[in-house]
Structures are given as structure tokens and as C-alpha cells.
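Undergrad: Attaching a single structure in C-alpha cells format; questions to follow.
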Amino acid sequence: MRLISTRALKPGMVLATTVYNMRGQALIHDNVPITERMIYRLQELSIQYVYIEDSLSSGIHVKGTVSSKVRQEAVQNIEMAFNQLSASKEKPSLLMIEDSATQLKQVIDVVLSEVKANHDLLTILTDVFTYDSYIFHHSFNVTLYTLSIGLELKLSQKQLEQLGVGAILHDIGKMLVPEEILLKPGKLTEDEFCEIKKHSEHGFEILRQLHSVSLIIAHCAYQHHERLDGSGYPRGIKGEDIHPFAKIIAVADVFDAMTSNRVYRKAMLPHQALEVLYAGSGSLFDSQVIEAFRSSVAMYPNGMIVELNDGRKGIVTDQNRGVTDRPVIRIIEEDGEESDVPYPLDLSKELDKMITGFDPDYEPQSLKIK
């Protein structure tokens, strides 16, 4: 399968993965020739990339880290927990939130077991979902990234469970932010941004009152926007004053925000977002956390068409753990001409070659994989 921009889709192409909404309902099925109407629908839903099956990508597989069923159930549980708080803004029912937190602990157990069982790198862009609310989808993705980092850092089972719950609840305070500000499509005013920033304190105040979660989890919500140099919020604390879990969630949170499609901006690709994180390594973000993240997440997912510094183009076929920016690729173009016989190139062994770009609109003219 091959990753392609929805703007480059043509009628007759075949989707490799079904497009779902967050209720688990199939919107556009896989293995069916795509039509003009389907292309319009994908673009209308603001889905930027999909996977297609074609001869160029024959034999290339992309495996999700968690099953579609687990993802859907997890997001539904997050939505239920957050909405219970939202519905009782005037007088939040701690008992209801307590029950929701207990359910989310069970969600973490399931997600953690699936992440542990999957020995491949965490792959994003694999499952194509559309969603009604960014916040629930974001909370789940941050949890996935966070647990992957925690496993790479070799945290204990108890620490992973606490970290997972902290990640899944890190934005719960946003449910106490006025909806017109939270969902505003345009640029926020200074006053509106101040309201948004209060979600860290709101989350801390809610979670610290719960008997079913530890105070560490409350601090995950409180500190995930703090930065090593003191430039974060709400307290502007620095370095060692920030809890290690909050440092992990901070990296996962920023990465998912940058790689998610929003009304006011397009999503970055994984390697672009990683470059932004590296720019803040040691000053904004913990460098050890960034390295653990880099080692556990596929920066160039299988099926992605990439460009090399020598002008060649290839399609990613396999990953190299520990050097996720140097995958195995299948060379399909040299000197502007399609290769007669595509061949593999392992970038972990060709250190003078590097990926310099991504071509989601690539259109092969005559290439057939033999």
C-alpha cells in the first residue's frame, strides 16, 4: 500500500484502508474503486492522506499499533468522561468523574497490552478516521505516544499505568473552558488564550480531588505545558521542578498537535514535527524523552514516497528500530526517470544518503513491480 494525498486521488484508484468515523462506522470502504464523489467526500472531511493499493507498492504492508476496535472504544470512553464534566460545569459531579477515571484505567490496561504486544515501531497515519471533536482523538493519540516513550525508557508496569492515565486525562480541564473559545476556528485574542491556558489549572483542581487517581496524575494535567527553560505555563517552573511524566506528555502533546489537521492550519508530517521538537531539545523539552520518542515512532511510515539527497525517489518498505529516520526504501526513480527494475536501499547502511523530502502527489507513469 502507498500513502497518497487526497488531492492526488484519481477515480479508479483503490483505497487500502477503510475510512471510519469515531463511532466505528465505515464511511468509505477499502478494496473498492474510488469515485469522484468519494474523493470529494474525503476532502470535505479534511482528510489529507489515505493509503491506496497499486503496483508501485506491491508487497508493502502497514500495520496499526492498536486495533480499530480498541481505538474506537478508548475514544468513546474519553468522550464520555469529558462530557460528564462538561454537562456539569456549574457543579461538577466528582462521583461521576471518579467512575469515569476508573473506566479509563481499564482502557489504559488494554491499550498498554496492545502496545507491548506490537513489537513494530508505533506507526501513525495508518488508520484513517474522521472525528467530531479534536480533543478526544488528541487525548488518545497522546496516550499512545506517551506509552511508547515510557516503554522505550523502560518504566515499570505501575509507572506506565500511571503515565497512561495521566496522558489520557491531561486535557480534561479544557471541558471547563468556554466552548466558543475552545472551538474558535481563527486566531485567539490575548484574553482568549489566557482562558485556554487555564485548562492546566482546571485539570489539576479536578483530578487532585479524586480518590481513584494519584496526585502524580493531577500533576500531569498541571504541568504538561511547562518547559525546561521556564517559558511554559501555568507556573513557569523549570528543569527538575517539572515531573518526569509531564516532560514525557509534553513531547507527545506537542507532536500530536503539530501532526493533526486543524481548521486553522494543515498538519505537519511526522519528520517535520520531529525537527521542531529537536529545535527545542534541552531548552524546552527533555532530550532523553525526545530520543526515546524518536526510537519508538516511525518518522517515515511504510508506503510513503520520499526523496533522497542524491535526487532519487523511493517508497518506504520497512523500518529500522533505533534509527527511525533511516528506513529501508524501494528506489523507483533515478535522474527523473522511473526505474526499470525497482531495488531496495537500506538507509541505515548508506549513511551518506538521507531523506530530504516527501512526495505525496507522486504519479507513476508506467512502473510495474515485477
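Undergrad: Which residues, taken from region 142-171, are open to solvent by 20 Å² or more (accessible area, probe 1.4 Å), more than 20 Å from Arg208 (Cβ to Cβ) and part of a helix (DSSP H, G or I)?
TA: Leu151, Glu152, Gln157
Undergrad: Got at least one residue in region 213-221 being assigned to a loop (DSSP other than H, G, I, E, B), more than 15 Å from Asp171 (Cβ to Cβ) and in contact with a strand residue (DSSP E or B) (Cβ under 9 Å, 6 or more places away or on another chain)?
TA: No: zero hits.
Undergrad: Test Glu179 against the criterion of being modelled with pLDDT under 90 and acidic (Asp, Glu), and give yes or no.
TA: Considered against the rule, which asks whether it is modelled with pLDDT under 90 and acidic (Asp, Glu), Glu179 comes out as yes.
Undergrad: Also, quick follow-up: Yes or no: region 276-283 includes at least one residue that is in a strand (DSSP E or B), within 26 Å of Val62 (Cα to Cα) and within 16 Å of the chain's Cα centre (by Cα).
TA: The answer is no, given that none of the residues of region 276-283 is in a strand (DSSP E or B), within 26 Å of Val62 (Cα to Cα) and within 16 Å of the chain's Cα centre (by Cα).
Undergrad: Look at Ile249 and say whether it is in contact with a His (Cβ under 7 Å, 6 or more places away or on another chain), among the hydrophobic types (A, V, I, L, M, F, W, C) and surrounded by 16 or more Cβ atoms within 10 Å (Cβ to Cβ).
TA: yes
Undergrad: Between a first residue in region 48-74 that is without any contact (Cβ under 8 Å) to a residue 40 or more places away in the chain and a second residue that is open to solvent by less than 40 Å² (accessible area, probe 1.4 Å) and not aromatic (Phe, Trp, Tyr), which pairs have beta carbons less than 8 Å apart while being 6 or more apart in sequence or on different chains?
TA: Glu73/Val107
Undergrad: Right, something else. Taking only region 274-301 into account, find how many residues are at pLDDT below 90 and either open to solvent by less than 40 Å² (accessible area, probe 1.4 Å) or in contact with a strand residue (DSSP E or B) (Cβ under 8 Å, 6 or more places away or on another chain) (or both).
TA: Count: 8.
Undergrad: With the requirement that a residue be of a type in the set (A, V, I, L, M) and part of a loop (DSSP other than H, G, I, E, B), what does region 172-203 give you?
TA: Val177, Leu183, Leu188
Undergrad: For Ala101, all conditions in the list (1) open to solvent by less than 50 Å² (accessible area, probe 1.4 Å); (2) modelled with pLDDT under 70; (3) more than 21 Å from the chain's Cα centre (by Cα) hold save one; what is the number of the exception?
TA: Looking at each condition in turn, Ala101 falls short on (2).
Undergrad: Name every residue in region 305-325 that is open to solvent by less than 40 Å² (accessible area, probe 1.4 Å) and at pLDDT 90 or above, in order of residue number.
TA: Ile305, Val306, Leu308, Arg312, Lys313, Gly314, Ile315, Val316, Thr317
Undergrad: Looking at Ala279, Ala292, Ala250, Ala257, which is the one that is among the hydrophobic types (A, V, I, L, M, F, W, C), in contact (Cβ under 8 Å) with a residue 12 or more places away in the chain and more than 30 Å from Leu45 (Cα to Cα)?
TA: Ala292
Undergrad: Related question: What are the residues in region 172-189 that are open to solvent by less than 10 Å² (accessible area, probe 1.4 Å) and β-branched (Val, Ile, Thr), if any?
TA: The answer is Ile172, Val177.
Results for (1) more than 20 Å from Glu161 (Cα to Cα); (2) of a type in the set (Phe, Trp, Tyr); (3) modelled with pLDDT under 80, shown as yes or no for each residue.
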site	(1), (2), (3)
Ser58	yes, no, no
Thr65	no, no, yes
Leu85	yes, no, yes
Ile108	no, no, no
Glu114	no, no, no
Asp120	yes, no, yes
Val128	yes, no, yes
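The values are calculated or read from the model by the stated rules, or taken from the named source; none is laboratory data. If you're wondering where the values come from, they're calculated on a predicted model, not measured in any experiment. Because the Cβ atoms are built from the backbone with ideal geometry, glycine has one as well, and the counts that use them run over all protein chains shown. Each accessible area value is taken on the protein alone, full model and side chains, heavy atoms only, with ligands, DNA and RNA left out. Shrake-Rupley method; radii C 1.70, N 1.55, O 1.52, S 1.80 Å.
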